[in-house]
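Colleague: This structure is in structure tokens; I'll ask about it shortly.
The values are calculated or read from the model by the stated rules, or taken from the named source; none is laboratory data. Since we're looking at a predicted model, the values are computed, not measured. As a convention, Cβ positions derive from the backbone with ideal geometry for all residues, glycine included, and neighbour counts pool all protein chains shown.
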Amino acid sequence: MSYQRILLKLSGESFADRSVGGGLDPDATANVARQVANVVRMGVEVAVVVGGGNILRGAKVAGRSQSRASADYMGMLGTVINALALSDAIEALKFETRVLTAIEIAKVAEPFVRRRALAHLAKGRVVILAAGTGNPFFSTDTAAALRARELACDALLKATKVDGVYTADPVLDPKATRIDALTHQQFLDLQLRVMDATAVSLAQESNLPIVVFDVFQDGNIERVVRGQAIGTTIRSKP
């Protein structure tokens, strides 16, 4: 295996009902849980940062009736819903989990404390991290890079709806081509959009590799952990 401890970033789309483009779909959640369980079964320590875009995207509702800060906090609460759903789905497969949040919701989750998260990982529990960084104006991608560094993860695995990083948006540009590998600096110089620049800069500072891949292809999380050439790898050196 290429990695012993990973930070898996799951977008809200991973939990959504794809027929309606949103909401929380139990089947989609169960599918993600099964893939995570397969990786844990391999002996890999897994931390997960969840997005909440299937429920609400703060950036989209800001400027209407909500301020950007309030909208972002609403989005954080959406990530907590996804985290709790994923926790239950993984535990239904007989694996232990802990949900830790960056904003305190004592009735449903533990507050994020780095040493506590590390202790859970050492005991083989899946650590599910919700509410981003706990601050508005920061994406869950940035939260994922931050937590990966705090927890000394071997890699950040960004599970998304596309099968890697492209030269342009493949939905808008039919001539866009996939890039198999590039450096953090190349990613920043090209101003690619699949992750925000803050997240990639944080990863660059600690030489943290990032793998961007399609989570909807069954078994891809396990393939990435095994070191197979899936998606796009972003490293400090070519």
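Colleague: Determine which single condition residue 93 fails, assuming it passes every other condition in (1) aliphatic (A, V, I, L, M); (2) closer than 23 Å to residue 152 by Cα; (3) modelled with pLDDT of 95 or more.
Modeller: Residue 93 satisfies every listed condition except (2).
Colleague: Continuing with the same structure: Would you pick out the residues in segment 1-36 that are among the aliphatic types (A, V, I, L, M), buried (at least 22 other Cβ atoms within 10 Å of the Cβ) and in a helix (DSSP H, G or I)?
Modeller: Hits for segment 1-36 are 32, 33, 36.
Colleague: What pairs come out if I take residues in segment 212-225 that are at negative phi and acidic (Asp, Glu) and pair them with residues that are surrounded by fewer than 20 Cβ atoms within 10 Å (Cβ to Cβ) and at pLDDT 95 or above whose C-beta lies under 6 Å away, six or more apart or interchain?
Modeller: Pairs found: 222/38.
Colleague: Has segment 199-217 got any residue that is in a strand (DSSP E or B) and not aliphatic (A, V, I, L, M)?
Modeller: Taking every residue of segment 199-217 in turn, at least one turns out to be in a strand (DSSP E or B) and not aliphatic (A, V, I, L, M).
Colleague: Name the residues in segment 99-143 that are free of Cβ contacts under 8 Å to residues at least 60 places away in the same chain, surrounded by fewer than 16 Cβ atoms within 10 Å (Cβ to Cβ) and part of a helix (DSSP H, G or I), would you?
Modeller: Correct list: 114, 115, 116, 119.
Colleague: For the structure I just gave you, tell me whether residue 199 is at pLDDT 95 or above, in contact with a strand residue (DSSP E or B) (Cβ under 7 Å, 6 or more places away or on another chain), on the phi < 0 side of the Ramachandran plot and of a type outside the set (Val, Ile, Thr).
Modeller: no
Colleague: Next up: If I filter segment 66-88 for residues that are in a strand (DSSP E or B) and either modelled with pLDDT of 95 or more or within 16 Å of residue 13 (Cα to Cα) (or both), do I get at least one hit?
Modeller: Within segment 66-88 (the criterion being in a strand (DSSP E or B) and either modelled with pLDDT of 95 or more or within 16 Å of residue 13 (Cα to Cα) (or both)), the answer is no, since none of the residues qualifies.
Colleague: For the structure I just gave you, tell me whether residue 80 is buried (at least 20 other Cβ atoms within 10 Å of the Cβ), of a type outside the set (Lys, Arg) and out of contact with any helix residue (DSSP H, G or I) (no Cβ under 9 Å at 6 or more places or on another chain).
Modeller: yes
Colleague: I would also like to ask the following. Kindly establish whether residue 87 is buried (at least 21 other Cβ atoms within 10 Å of the Cβ), farther than 26 Å from residue 209 by Cβ and not aliphatic (A, V, I, L, M).
Modeller: Here the answer is yes, as residue 87 does meet what is asked.
Colleague: Quick check on residue 162: is it part of a loop (DSSP other than H, G, I, E, B), surrounded by 15 or more Cβ atoms within 10 Å (Cβ to Cβ) and among the aliphatic types (A, V, I, L, M)?
Modeller: yes
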